[in-house]
1. Do any of Lys25/Lys107; Lys42/Lys78; Lys8/Lys78; Lys8/Lys104; Lys42/Lys107; Lys25/Lys77 go past 21 Å between their Cα atoms, and which?
2. Cα convex hull of the chain: how many Å³ per residue?
3. Percent relative contact order of the chain, based on C-alpha pairs within less than 8 angstrom and at least six residues apart?
4. Provide the gained length on full extension for the span Gln101 to Ile82, in nm with one decimal, where the gain is 0.36 nm per separating residue minus the Cα-Cα distance.
5. For helix 99-115, report the angle its Cα long axis makes with the longest principal axis of the Cα atoms of the chain; keep it between 0 and 90° and round to the nearest 10°.
6. Could you tell me what percent of the accessible area of the chain is made up of carbon and sulfur, with a 1.4 Å probe and every protein chain present?
7. Given a 1.4 angstrom probe, what's the average accessible area per residue across the range 69-116, in square angstrom?
Amino acid sequence: MSSSSFFKPDQGERVLLTEDCSEDKLRSGILILTNRRLVFQKTEGRMATLSKKEGEIALDIPLSQIASVRAEGFLVKKFVIITSAAQGGQTYKFGVFSNRQWEKQFKQAQQQSAAS
């Protein structure tokens, strides 16, 4: 897990999706899906200026270390990931606008990553 102050793609890495969202335990942040990994970077809101400041990288998980994903919810939509046993078998639930799009893009990226 990286503790750098902001997300920067590696050479040859492509960002596929990003969304300002919240995770049940980690709170608010930016969810980033690349062709290699899933990253969640915390944000800190400032009510006085209505701005957000990028915080620490809370999650940085290679696609190969994610055992399963699913879209759940109807009114409150969540993109749910479960990490592999090597990553502790953790479950994360991200409140995203289009959970089905996240699920579809993730599965495509994971298949392409495994093929290369």
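1. Check vs 21 Å cut-off fails for Lys25/Lys107; Lys8/Lys78; Lys8/Lys104; Lys42/Lys107.
2. Cα-based convex hull of the chain, divided per residue, equals 107 Å³.
3. Reported as a whole number, the value is 23 percent.
4. Gain in length upon complete extension: 5.1 nm.
5. Around 40 degrees separate the two axes.
6. So the carbon and sulfur contribution to the accessible surface is 51 percent.
7. Counting only protein heavy atoms, the per-residue value for the range 69-116 is 62 Å².
The values are calculated or read from the model by the stated rules, or taken from the named source; none is laboratory data. Only a predicted model underlies this, so the values are computations on that prediction, with no experimental measurement involved. Ligands, DNA and RNA are excluded from the accessible area calculation, which covers all protein heavy atoms including side chains. Shrake-Rupley method; radii C 1.70, N 1.55, O 1.52, S 1.80 Å.
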